[in-house]
Every structure is written in C-alpha cells, then in structure tokens.
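Presented below is the structure to which this report refers.
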Amino acid sequence: MNKVQVYSALGQLLLDNDYNADNVKIDFTPLSPDLYFVKIYSEDKFTIIKTIKK
C-alpha cells in the first residue's frame, strides 16, 4: 500500500497519507459521522471503498 486518501460524500479530499506498509490503520476520530470514500493506492492500481462512520 502506497497511499490512502479519504473523501467526503461530496468529493472533498479530507485525508491524504503516504505509507510503505501492508497493514494500515486510518484514524476516523476527527471526522464526523457520515459517508466516506477511501481510495487505496497499491503500486499502479487503486481501489475505492465506501464506508460509513456512525
């Protein structure tokens, strides 16, 4: 995993962190309860995961 970005439901970039690890913990504590999209980059590919903070 190279990079993780967290976006709001409106598409605003909220978190943007670079990593060099296979396991990463993302701290959602400062974010309010809502729908978020987490974009995970690994080498030359990326995956987007929808998540809900309650």
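What Kirkwood Rh does the chain have if only Cα atoms enter the pairwise 1/r average? Answer in Å. Write out the running numbers ahead of the final one.
On the way: mean 1/r = 0.0870 Å⁻¹.
One decimal place: 11.5 Å for the Kirkwood radius.
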Inter-label distance for ILE48 and LYS25, nm, one decimal - labels placed 7 Å from Cα along Cα-to-Cβ: 2.8 nm
Residues ILE48, ILE26, sorted so that the one with the fewest Cβ neighbours within 10 Å comes first: ILE48, ILE26
The chain: Lys pairs at Cα distance under 16 angstrom, eight or more positions apart or on different chains: 8
SER32 versus LEU15: modelled label distance in nm, points set 7 Å from Cα along the beta carbon direction: 1.8 nm
Residue of ASP16, ASP34, ASP44 that the Gaussian network model of the chain assigns the largest fluctuation, springs spanning Cα pairs under 10 Å: ASP44
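Laboratory data are not the source of any read-out in this text; all were calculated from the coordinates shown. Since the structure is predicted, the reported quantities are computational estimates derived from the model, not experimental observations. Neighbour counts are summed over all protein chains in view; Cβ atoms, including those assigned to glycine, are modelled from backbone coordinates with ideal geometry.
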